[in-house]
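One structure is given below, encoded as structure tokens.
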Amino acid sequence: MENRTKKAAALNYKSGTDDVPHITAKGKGNVAQKIIEIAKAHGVPIKEDKQLVDILSALDLYQEIPHELYKAVAEVLAFIYKLGKKTAPEDKTAGWSAK
């Protein structure tokens with residue numbers, strides 16, 4: 001039986017301060033729902049990607065994303081930018097969720 005518990009992970013990147021994006025929040029169930037609600041309330045773009053959120057959820061909080069995830073994260077960030085919903089260039093935040 002498939003696990004339908006919602007998961008969420010959030011990344012943040014500050015140009016000039018951070019070398020790469022890092023995990024700022026992660027959780028499942030009610031915690032994931034709260035992460036998503038907070039992201040929406042602050043205009044943070046959210047992209048559903050089950051495979052990526054599973055990988056990001058396995059990382060430690062504040063951990064920089066590993067080199068192996070650079071391409072996947074860059075593709076999602078590029079998608080978000082194309083939506084025209086990017087944050088200020090010096091502070092980029094994105095969220096992922098999956099069911």
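Cross-link list K47/K71; K6/K82; K26/K71; K7/K82: which exceed 22 angstrom alpha carbon to alpha carbon?
Among K47/K71; K6/K82; K26/K71; K7/K82, the Cα-Cα distance tops 22 Å for K6/K82; K7/K82.
Which chymotrypsin sites (Phe, Trp or Tyr not before Pro) in region 30-79 sit in a loop by DSSP (not H, G, I, E or B) and have at most 15 other Cβ atoms within 10 Å of their own Cβ?
Answer by residue number: Y62.
Search the structure for amide H atoms under 5 Å from the amide H of V44, placed 1.01 Å from N in the peptide plane, and list their residues when 5 or more places away or on another chain.
Residues meeting the criterion, in which the H sits 1.01 Å from N, do not exist here.
Bear in mind that the values in this text are calculations on the coordinates, not laboratory data. The structure presented is a predicted model; accordingly, all values stated were derived computationally and were not measured. Don't worry about glycine lacking a Cβ; one is built from the backbone with ideal geometry, like all the others, and counts go over all protein chains shown.
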